[in-house]
Amino acid sequence: MDLDKKTDSDREERRRRRRWGVIPRWLEVLAICLATVAAGFFGGRVTVVQADAPTPTATVTATVTATPEPVVSAKEAEDETVPPTTDPTTPEPSTPDNASSVYLADLDPVEGDRNVQPITVHGRHYAKSITLTCSSSGTSVVYSTSGYTRLKAQAAIVADSPNAIGSVGTIKVTNAAGEQIGEDATIQSSKATELSVDVTDQDQVEIACVMTKSGDEDGWYFYGGLGDATLS
């Protein structure tokens, strides 16, 4: 009797164990299924990122028209490469009218004093010139004119002379006997006056400069110039 009860009790225990053993197995299977679904949803999802389409490259063809180089002649090339040998602001000395002419600047006077220097009169430059100190009492210089027939010059008050503005003077030419030959030349700083005197048969001439008016009441002299003066 007791054996039968024990057998029934054992059977009942085994059935209970089988029941509780099956439930965890189903729970395990369910957990595995849920994990598989979750892995498929989160881990198996593929995110597709579309790459930026390549930017097309435009090819631009530029057309260049070549400009021909200017043709330089040998003479022009020489002119460009060889620097000028003289100052362009200083004109070359003029030459006498003929081969028999000579500048007074190149002659020594017989008597008296003068300065040999370039002068400027009213913006014009005279390279071969002489100057005299002109005062109210006059200053003179004597030249030998034997063999020449004419004395020529551009007479004026030198531009950079003291007491030049407003002053007036006279250039007078006389022979060895003290007689006037030719006409007086009135000189100013604002313009040059042409001096042209016939010196035919004259052995010597005296050239005098006299101040007839002073631009400055305190000025007693100025420089009178004979621009490019020649004997021919």
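The values are calculated or read from the model by the stated rules, or taken from the named source; none is laboratory data. Computed from a predicted model, the values in this text were never measured in an experiment. FYI the Cβ positions are ideal-geometry reconstructions off the backbone, even for glycines, and counts take in every protein chain you see. Remember, those area values only see protein heavy atoms, side chains included, never the ligands or the DNA or RNA. Shrake-Rupley method; radii C 1.70, N 1.55, O 1.52, S 1.80 Å.
Per the Kirkwood treatment, what hydrodynamic radius in Å, one decimal, follows for the range 103-232 from the mean inverse distance over all distinct Cα pairs?
The Cα-based Kirkwood calculation yields 14.3 Å.
Accessible area per residue of the range 122-215 at 1.4 Å probe, in Å²?
Using a 1.4 Å probe on heavy atoms only, each residue of the range 122-215 averages 46 Å².
Provide the FRET efficiency to the nearest 0.05 for the Glu111-Val168 pair, computing r from the beta carbons and using R0 = 25 Å.
So the FRET efficiency works out to roughly 0.45.
Tally Lys/Arg at +1 and Asp/Glu at -1 over every other residue whose Cβ is under 13 Å from the Cβ of Tyr223; what's the total?
Here the count lands on -1.
In whole percent, and with a 1.4 Å probe on the protein chains, what portion of the accessible area of the range 143-231 is carbon and sulfur?
Carbon and sulfur: 42 percent of the exposed surface of the range 143-231.
With θ set to phi - 60° and the Karplus curve 6.51 cos²θ - 1.76 cosθ + 1.60, what are the ³J(HN,Hα) couplings of the range 106-114 in order, to the nearest whole Hz, using x for Gly and Pro?
Karplus values, whole Hz, x for Gly and Pro: 9, 10, 8, x, 6, 8, x, 10, 8.
List the GluC sites (Glu not before Pro) within the range 129-200 that DSSP assigns to loop and that have no more than 10 neighbouring Cβ atoms inside 10 Å.
Here the sparse-neighbourhood loop sites are Glu179.
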